[in-house]
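Asks: Got a structure here, written out as structure tokens. Questions coming.
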Amino acid sequence: MKNIVILISGRGSNMQAIVRAAKSEQWPCRIAAVISNRADAEGLAFAAEHGIATAVVPSKSFPSRDDFDAALRAEIDKFAPDLVVLAGFMRILTPAFVEHYAGRMLNIHPSLLPSFPGLATHRQALAAGVKFHGATVHFVTAELDHGPIVEQAVVPVLPEDTEHALAERVLAQEHVIYPRSVRRFIEDRLSIENGLVRVDHAAGKPATT
Ligand code: GRF
């Protein structure tokens, strides 16, 4: 039985989608903990209501990024994670932290990487005039919003779109691809070869992408 630890900073809708899918599809894993760097993250209440251990490691209480990452790592490792899932976790992580979880830490980014890394991705997409936008699940590497791509979802950008409308359209797809990617990891169907992710479509359920 694999252990998953999910990190959030806010509302945690991706975390909720993963928790719901794990339960309804009876994944062979345990969501061991939901950890936040902010005590006011709305998603913590959902996790607690679902009987999941929660913890807060407040980023503001540490003198340096290294100190925070060391404390966060200690908290995460209490739960012996096979997989760490970043779900709207709004902190840049140090290379040592990332290295510790190499090959077992996933992130979701609200753009079609490598386009639009960083913040305000929907604004960036509208400003660039792209006709398609989306979201990317990727393994985390030391370079921000890079790393081997597991799965992407594409949405159209419509002429009348606002940042909010576009964000909502992308988020709906995030809730589809993130649980599916996590499930594939749990089922040992993801491997990284030469920096690219290979999905074993032969194992598990028939692939839908
Ligand atoms: C999502 O758009 C995710 O891609 C980005 O931050 C947002 C988090 O939303 N990294 P939520 O906290 O999962 O609802």
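Asks: Is it fair to say THR136 is in contact with a strand residue (DSSP E or B) (Cβ under 6 Å, 6 or more places away or on another chain), hydroxyl-bearing (Ser, Thr, Tyr) and either in contact (Cβ under 8 Å) with a residue 12 or more places away in the chain or more than 19 Å from LEU93 (Cβ to Cβ) (or both)?
Replies: On the way: in contact with a strand residue (DSSP E or B) (Cβ under 6 Å, 6 or more places away or on another chain): yes; hydroxyl-bearing (Ser, Thr, Tyr): yes; either in contact (Cβ under 8 Å) with a residue 12 or more places away in the chain or more than 19 Å from LEU93 (Cβ to Cβ) (or both): yes.
Here the answer is yes, as THR136 does meet what is asked.
Asks: Restricting to segment 176-193, name every residue that is in a helix (DSSP H, G or I) and buried (at least 18 other Cβ atoms within 10 Å of the Cβ).
Replies: Let us first name the residues in segment 176-193 that are in a helix (DSSP H, G or I), namely 176-186.
Within segment 176-193, ILE177, TYR178, PRO179, ARG180, SER181, VAL182, ARG183, ARG184, PHE185, ILE186 meet the criteria.
Asks: Still on this structure, I have one more. Which numbered condition trips up GLN173, out of (1) part of a helix (DSSP H, G or I); (2) more than 11 Å from the ligand (Cβ to nearest atom); (3) open to solvent by 50 Å² or more (accessible area, probe 1.4 Å)?
Replies: If we test GLN173 against (1) part of a helix (DSSP H, G or I); (2) more than 11 Å from the ligand (Cβ to nearest atom); (3) open to solvent by 50 Å² or more (accessible area, probe 1.4 Å), just (2) comes out false.
Asks: Name the pairs whose Cβ atoms lie under 7 Å apart, with the first residue in segment 105-121 and more than 25 Å from ARG183 (Cβ to Cβ), the second at pLDDT 95 or above and surrounded by fewer than 21 Cβ atoms within 10 Å (Cβ to Cβ), and 6 or more positions between them or separate chains?
Replies: PHE116/GLN124
Asks: Looking only at segment 124-146, how many residues end up being surrounded by 14 or more Cβ atoms within 10 Å (Cβ to Cβ), within 23 Å of PRO159 (Cα to Cα) and more than 11 Å from the ligand (Cβ to nearest atom)?
Replies: Of the residues in segment 124-146, 5 are surrounded by 14 or more Cβ atoms within 10 Å (Cβ to Cβ), within 23 Å of PRO159 (Cα to Cα) and more than 11 Å from the ligand (Cβ to nearest atom).
Asks: Here is a follow-up. Please find, within segment 87-120, the residue that is most open to solvent (accessible area, probe 1.4 Å) out of those that are over 22 Å from GLN16 (Cα atoms) and outside any loop (DSSP other than H, G, I, E, B).
Replies: If we take residues in segment 87-120 being over 22 Å from GLN16 (Cα atoms) and outside any loop (DSSP other than H, G, I, E, B), then GLU99 is most open to solvent (accessible area, probe 1.4 Å).
Asks: Can you tell me which residue is farthest from the ligand (Cβ to nearest atom) among those in segment 147-166 that are part of a helix (DSSP H, G or I) and open to solvent by 30 Å² or more (accessible area, probe 1.4 Å)?
Replies: ALA165
Asks: Hey, can you tell me all the residues within segment 1-33 that are open to solvent by less than 30 Å² (accessible area, probe 1.4 Å) and under 12 Å from the mean Cα position of the chain (by Cα)?
Replies: Hits for segment 1-33 are ILE4, VAL5, ILE6, LEU7, ILE8, SER9, GLY12, SER13, ASN14, MET15, ALA17, ILE18.
Asks: Confirm whether ARG20 is part of a loop (DSSP other than H, G, I, E, B) and either touching a Lys or Arg at 6+ places or on another chain (Cβ under 6 Å) or within 16 Å of the ligand (Cβ to nearest atom) (or both).
Replies: Here the answer is no, as ARG20 does not meet what is asked.
The values are calculated or read from the model by the stated rules, or taken from the named source; none is laboratory data. Not measured: the values here are computed from a predicted model. We place every Cβ from the backbone using ideal geometry, glycine too, and count neighbours over all the protein chains shown. For accessibility, only protein heavy atoms count, side chains too; no ligands or nucleic acids. Shrake-Rupley method; radii C 1.70, N 1.55, O 1.52, S 1.80 Å.
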